[in-house]
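Any read-out appearing in this document is the output of simple, stated calculations on the displayed coordinates, not a laboratory observation. Quantities reported herein were computed from a predicted structural model and do not represent experimental measurements. Counting neighbours? That spans all protein chains shown, and the Cβs are built from the backbone with ideal geometry, glycine included.
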Amino acid sequence: MSASLARELRCIDCGASYPLAYRLECDTCRGLLELTYDLARLEAAGPALLTGTGLWRYAPLLPIADPAHRVTLGEGGTPLLDCPRLAGRLGVRRLLLKYDGANPTGTVKDRSSATAVGAARQFGYRLTSVVSSGNAGSSIAAYAARAGLRSLIFAYERTSAPKLLHMQATASDLIIYRGVYDDLITLWDRLVEEHLFFDCGASRNAYKQEGKKTLAYEIAEQTGFRLPDVVVAPVAVGETFIATARGFRELARAGLIPRAPRMVAAQAARANAITRAFRAGTPIAPLTIGYTVAEGLAAGNPGRKGDWVLRLLREGDGLAADAEDDEILEAQRLLARVEGVWAGPTGVATLAVLRRLLAEKHLDPGATVCAIISETGLKTEAPLPSRTGIAFDADSLRRLVHERTAAAG
């Protein structure tokens, strides 16, 4: 595997720079930090710099320097699906779906778990921790187990059963918390300062966030560097959106693409603090939220990451929009029936938002759009079909088959 080209940490607010240590914010202004790289090397070598498959194909553009610290379950390299039938139903010229439900734990979180747990190894930690509404907890627990580290996982009491079963199986310690993500994350963030565990949360850790940047690199390579016009990313705190936007920016700075796609932030209407601020042209006002079927988007106070998303939207001609729970569930059904992709509600929020933006004529129907589908449907709960069976004989089976084939035309 190639060596990392990471150079330093830089404050996104004041520009102060720091060595590549485990640091979560700027000493000068408490701004968030982002990793910078020697992109001249990427510009000179082009895609030849990238070797292997999966997420660690992009090791030069990730911050885990020693290959011995890298951890993998086979994440990355997920399908980019061309969906012409669904595009026709939505009224857009071309629709691509980046299906990250194909990752090892069924979620986009595996990308950031790989770099989070790799960084925990790099900086000598034995214990990882995260506050989760579901997917992050199951992913961090799995990657920590793979790396031989312990995990202290705090999981939302209304997390779906498949996610809880996965966490129970893989986590060293699983704690169920009452309330929503916003109720616990501030308290947990204070404990991060005591260095009791490695921060695998979404609020501040640049090393964790970085793994999701590989979404942009994969989309670029899978399209032959002829990128879609628009990319729709799910947003709770904003980690996936920020990382993907950063990846496209790096590609543009290295001269591998002429410009970054237009980014759209997709939220659930019941947790839409960023969308509200974007529409009103105001700073973010935290919301007190209840339950949404899109569990992974259930954050009413996105904090400084939310401010970062808002800045990227306003600087890059982006869009932010939301969808109601019933629209999200309808998008889930439509995707499954039309394209055969069974994704979870969090995963299809991007599709529901895209559908609304097209219907309201906020996006050009002649565009090529890529929506990030962030989770599989196999990790969510839904009402089961009836399990009452039918006893067949030869005649009744023949009648049923003839009836159904006639109905199918």
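Observations on the structure shown:
- Restricting segment 52-101 to residues that are β-branched (V, I, T) and either part of a strand (DSSP E or B) or under 22 Å from the mean Cα position of the chain (by Cα) (or both) leaves a set whose member that is nearest to G296 (Cα to Cα) is T78.
- Residues that are under 20 Å from R355 (Cα atoms) and more than 16 Å from the chain's Cα centre (by Cα) do not occur anywhere in segment 242-253.
- Residues of segment 9-35 that turn out to be under 24 Å from the mean Cα position of the chain (by Cα) and outside any loop (DSSP other than H, G, I, E, B), as a count: 6
- Segment 125-148: number of residues that are within 15 Å of D110 (Cα to Cα) and without any contact (Cβ under 8 Å) to a residue 60 or more places away in the chain: 6
- Boolean, E43 is out of contact with any Pro (no Cβ under 8 Å at 6 or more places or on another chain) and loosely packed, with under 15 Cβ neighbours inside 10 Å: yes
- Enumeration of residues in segment 311-348 that are closer than 21 Å to D364 by Cα and not in a helix (DSSP H, G or I): G316, D317, G318, L319, A320, A321, D322, A323
- Per this entry, Y22 is counted among residues that are among the hydroxyl-bearing types (S, T, Y), out of contact with any strand residue (DSSP E or B) (no Cβ under 6 Å at 6 or more places or on another chain) and within 18 Å of L5 (Cα to Cα).
- Residue pairs whose Cβ atoms lie under 6 Å apart, sitting 6 or more positions apart in sequence or on different chains, and linking a residue in segment 368-384 that is at negative phi to a partner that is of a type in the set (D, E) and in a loop (DSSP other than H, G, I, E, B), are T368/D229.
- Taking the listed residues V235, V230, the one that is of a type in the set (A, V, I, L, M), crowded, with 24+ Cβ neighbours inside 10 Å and over 26 Å from R7 (Cβ atoms) is V235, with no other qualifying.
- Scanning segment 149-164 for residues that are surrounded by fewer than 13 Cβ atoms within 10 Å (Cβ to Cβ) and either part of a helix (DSSP H, G or I) or touching a residue at least 60 places away in the same chain (Cβ under 8 Å) (or both) returns a single hit, A161.
- Looking across segment 22-39, the residues that are of a type outside the set (S, T, Y), more than 27 Å from N103 (Cβ to Cβ) and in contact (Cβ under 8 Å) with a residue 12 or more places away in the chain come down to R23, E25, C26, C29, G31, D38.
- Test: R387 is among the charged types (D, E, K, R), part of a loop (DSSP other than H, G, I, E, B), without any contact (Cβ under 8 Å) to a residue 24 or more places away in the chain and on the phi < 0 side of the Ramachandran plot: yes
- Candidate set: segment 298-310, residues that are of a type outside the set (A, V, I, L, M, F, W, C) and part of a helix (DSSP H, G or I); chosen: the one surrounded by the most Cβ atoms within 10 Å (Cβ to Cβ): G306
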